[in-house]
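This report concerns only the one structure given below.
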Amino acid sequence: MQRENRRLAAIVVADVAGFSRLVGLDEEGTLAAFRAHRTELIAPLLERHGGRIANTAGDSYLLEFPSAVEAVRCAIAVQTGLSERNKNISEERRLRMRMGINVGDVIAEGDDLLGDGVNIAARLEALATPGGICISRSTRDQIRDRLELDFEDLGEVEVKNIARPVRIFNILFEGAAQGRPSLPNKVESAAPERMAQPLPTRPSVAVLPFDNISADESQTTLIKGLTGDIIFALSRLTELFVIDQMSSETYAGEAVSVRQAAEDLGVRYIVKGGLERAGDRLRVTVQLIDALEGEHVWSQRYERTMDDLFAVRDDITRRIVAAIGIQIGSGENALLNEDQDIDLEAWLLLREAAEFANEPSPDNLRRARVLLERVVKMEPDLIDVHVWLSVIHRIEVQQGTSEDPESSLRMAWEAARKAEALDSNHPGLLAALCNLYVMDGDHDKGVAAIKRAVELAPSNAPIVGTGTLTYLYAGDYEAAVKHGRLAMRLMPRSHLHWVLHFTAMALQLQGEVAEAEALYQKILATEPGLVFQGWANQQMALIEAARGDETQAGRYLADALEAAPYLTQSMMRGSMPMRDPAALNHWIAELGRLGLPE
């Protein structure tokens, strides 16, 4: 086993304060001044004090020194030098730096440095005033008897992305910036009694949408794909309860607090992060917060290339699991290493196709299929693309929108068999197969497949939700409702409409009409155009007819046919392969009486 390249180092993180504002005022002038400061001031001082640039990212520097004394001397010299060079420049255009210094253990990857030693320095830099220097206790202890400096003891502070409190000192030197660093507050704790949902017995976690630090809208799919992959990997670990991405994504663009998110979603742990892409360079920051305790548990900052995206993803997932305290076996550990060599463009196309397929209107299914057919040519051995193609071909048959149902069903089976040859225990494949088995009338095989799929991905909401329709068709309405409720718990702020619909149908068949109606109305309250609005209107027509309100039943059926003109009696028979068709036949007869075409 290869050992990590660790060493003790004095780390300086420096960043230009308000760089974006300065660039906005005068892009060319700011960049020219920045380059001049680096060439004429910073580089000579680094050479003099034995330091080196380990990494740069835009307006920031990661510097390494073998000596804490020389690191501090160099930092002070840079700050005083910048102050001198700014004398004849107007206040609003002065280029000033914040600096943080820490002495700690670091991991070397090529020229780059990683680890908590770097992370602490970065957090100290963020706290420093423009023109100022904040240092850790380990740094102060190294220099206090060697340099004649005064320090302001700021005490132990909970800082962003660091699990334990950090003792911080502000260096007081001639020409230092005036003002005391602003210190962060401890994260406000969530309270179990304020939770929208009871806390699960398993450790519960939600991964919030990562911030798009670069504000480049073209990176949205990349960021959603990264968070989605992390959520999917976590959802396959049996000891965790993981909120579905659709619910997490409802916070995209919102400045939601950790406490509020935890209470809304009913979880203990919150994962937050940010991603910035500049050409081939990738910067990812991530932190895990215990919302009940109001404490940062773990954090990491990654400065890599795009080639390392999947390695970063897998490392984040493993570290989240380890920080929560879950022990995973070798089998589960293998789940965190999928798609390591996938082409990035293919991966992005796959994620885009999945978004379309999750809201399966005829147009969305066609869009998804076109994207997936491109992915197959790029990555023919990627299991997910075959799973999604199988799902889409099958749904088009069941919706009655396939131009050649026999051919579509054959292609659904072919795609499933290709996926099965790649990994017969993939939970997505098993969920796809269970639907095909049921369509063939083999309800027992369908139930066995979905049981195994849920065992392999107990927190994956779409897979758990697939159990709803599988058990509905198999005639086990109680199990269907159980799976539907669990899937909805995994999606507390945003539901897959087909999960709502099939749960409501199972409730309706059990005689729980009020609860079924509430779910149908939830579907109808969403934006027009969703395919399941037609189905929900159709089922509401049945409910109103049972109440004796023929007029209202007729209105609902008219709305159903407007939303989904392809709804017919024959389509219902073909799309709902019930083990016991008695209940379905009763519905079809009643809808026919109300005016549903044959």
Point to revise | Computed FRET value (nearest 0.05) for GLU345 with ARG137, which takes r as the C-beta separation and R₀ as 56 Å | key: 0.75
Review point. What pairs in LYS224/LYS377; LYS445/LYS482; LYS482/LYS522; LYS451/LYS522 have C-alpha atoms more than 26 Å from each other?
Key: LYS451/LYS522
Check your understanding: How would you rank TRP388, TRP587, going from fewest to most other Cβ atoms within 10 Å of each one's own Cβ?
Key -> TRP587, TRP388
**Study point:** Furthest towards positive pole of dipole, LEU63, LEU371, ALA353, structure part the chain, Cβ charges
**Key:** LEU63
Check your understanding: Tell me, what is the percent relative contact order of segment 1-99, built from C-alpha pairs under 8 Å that lie six or more residues apart?
Key -> 41
Check your understanding: Using 7 Å Cα-to-Cβ label points, what is the GLU254/ASP111 separation (nm, one decimal)?
Key -> 4.3
Practice item. Enumerate the amide H contacts of GLY104 below 5 Å, restricted to partners 5 or more residues apart or on another chain; note that Pro and chain-start residues carry no placed amide H. Key: ALA9, ILE11
Check your understanding: Contour minus end-to-end for ALA278 and ALA558, with contour as 0.36 nm per residue of separation and end-to-end as the Cα-Cα distance?
Key -> 95.6 nm
Point to revise | Likely footprinting exposure, MET195, MET571, MET97, MET306, fewest C-beta neighbours within 10 Å first | key: MET306, MET571, MET195, MET97
Study note, to complete from the structure: Contour minus Cα-Cα span, THR80 to ARG319, at 0.36 nm per residue, comes to 82.0 nm
Practice item. Find out how many positive minus negative residues lie around GLU64, taking Lys and Arg as positive, Asp and Glu as negative, among other residues whose Cβ is under 12 Å from that of GLU64. Key: -1
Point to revise | About the Cα centre, charge dipole magnitude for the chain (Lys/Arg +1, Asp/Glu -1 at Cβ), debye | key: 1180
Review point. Taking the simple approach of a point 7 Å from Cα along Cα-to-Cβ for both ASP444 and GLU295, what is their distance in nm?
Key: 5.3
**Study point:** Three-way shape label, segment 379-419, alpha-carbon gyration tensor, a/c 1.5
**Key:** prolate
Point to revise | Inter-site label distance for ASP145 and SER189 at 7 Å from Cα along Cβ, in nm | key: 4.1
Check your understanding: If you place +1 on the Cβ of every Lys and Arg, -1 on the Cβ of every Asp and Glu, and leave all else neutral, what size is the dipole of segment 6-172 about its Cα centre, to the nearest 20 Debye?
Key -> 140
Review point. Among PHE34, LEU8, GLY548, whose Cα sits farthest toward the positive end of the charge dipole of the chain (+1 at Cβ of Lys/Arg, -1 at Cβ of Asp/Glu, about the Cα centre)?
Key: LEU8
Point to revise | segment 371-385 residues near the modelled ALA421 label - backbone nitrogen below 14 Å, point 7 Å along Cα→Cβ | key: 380-383
Study note, to complete from the structure: Gyration tensor (Cα only) of segment 501-572 to equivalent ellipsoid, semi-axes in Å sorted down, yields 17, 14, 12
Review point. Going by the alpha-carbon gyration tensor, a ≥ b ≥ c the square roots of its eigenvalues, is the chain rounded (a/c under 1.5) or, if a/c is not under 1.5, prolate (a/b greater than b/c) versus oblate?
Key: prolate
Exercise for review: Net charge near ARG48: determine it from the other residues with C-beta under 14 Å of the C-beta of ARG48, scoring Lys and Arg +1 and Asp and Glu -1.
Suggested key: -1
Check your understanding: For the chain, what relative contact order do you get, as a whole percent, if you take Cα pairs closer than 8 Å and at least 6 residues apart?
Key -> 9
Review point. Relative contact order for segment 6-172: what is it in percent, counting Cα pairs under 8 Å that are at least 6 residues apart?
Key: 25
Check your understanding: From the square roots a ≥ b ≥ c of the eigenvalues of the alpha-carbon gyration tensor of segment 192-337, which class results: rounded (a/c under 1.5), prolate (a/b over b/c), or oblate?
Key -> oblate
Exercise for review: Please order THR468, THR238 by the number of other Cβ within 10 Å, starting at the fewest.
Suggested key: THR238, THR468
Revision key, fill the gap. Residue separation between ALA43 and GLU598 times 0.36 nm, minus their alpha-carbon distance, gives in nm 191.7 nm
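Bear in mind these aren't lab numbers, they're just calculated from the coordinates by the rules spelled out. Given the structure is predicted, the values throughout are model-derived calculations rather than measurements. So basically every Cβ, Gly included, is an ideal-geometry build from the backbone, and we count neighbours across all protein chains shown.
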